[in-house]
Amino acid sequence: MGLIYPSSYCAAGIYYCFYEACKQSNLPISLIPIPRTGLAQAIFNFAKSSGSKTSYKPEKHNLIVWRKGQTSFGHIEKIFKVQNAGWVQTVAFNTKDQASGKEGVFIKKRNIYHPIGRLKILGLVGFNAIN
């Protein structure tokens with residue numbers, strides 16, 4: 001990515017997961033369905049311009065994207081478990097563990113209808129599986 005410390009790395013972490021999956025599956029990295037970027041909003045905008053609109057219903061492996069006001073900054077996480085009433089569990093890069101105060105990669109419980117502080121939900125990004 002070429003990110004410079006202390007840059008946010010949530011989007012880069014998501015890209016890295018796709019990159020490693022391609023590498024370990026002997027698939028070309030050209031199959032990665034998101035752009036190589038450090039900006040969560042860039043991933044959402046890419047999906048919006050190149051994909052198709054679906055219902056706002058979270059599914060396993062979707063990405064959930066938040067935006068900070070009218071800026072280009074935001075946050076992105078990968079959903080790995082869908083629960084009831086809009087609740088999901090995510091893998092979150094560049095977040096803080098509430099118990100320890102440490103920053104890193106953590107499992108988070110989020111609601112697709114609720115903001116995170118000043119970050120408002122921009123939307124969900126879904127994918128078609130490759131068989």
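Please treat every number below as a calculation from the coordinates, not as lab data. None of the values given here were measured: they were computed from a predicted structure. Backbone-built Cβ (ideal geometry, glycine too); neighbour counts: all protein chains shown.
For this structure, a couple of remarks:
- Only Lys, Arg (+1) and Asp, Glu (-1) charged, at Cβ; the chain dipole about Cα centre in debye: 340
- By the compact-protein rule of thumb, 2.2 N^0.38 Å, the alpha-carbon radius of gyration of the stretch 1-64 corresponds to a ratio of 1.20.
- Legend: translational diffusion of the chain by Stokes-Einstein, Rh = Kirkwood radius over C-alpha pairs, 37 °C, 0.692 mPa s; D = 215 µm²/s.
- For the chain, with +1 on Lys and Arg beta carbons and -1 on Asp and Glu, the positive-most of Val91, Gln41, Thr54 along the dipole: Thr54
- Segments 73-84, 36-47 sorted - mean Cβ within 10 Å per residue, highest first: 36-47, 73-84
- Per-residue [θ]222 nm for the chain (sum of -39500 (n - 2.57) over DSSP H runs n ≥ 4, rounded to 500): -6500 deg cm²/dmol
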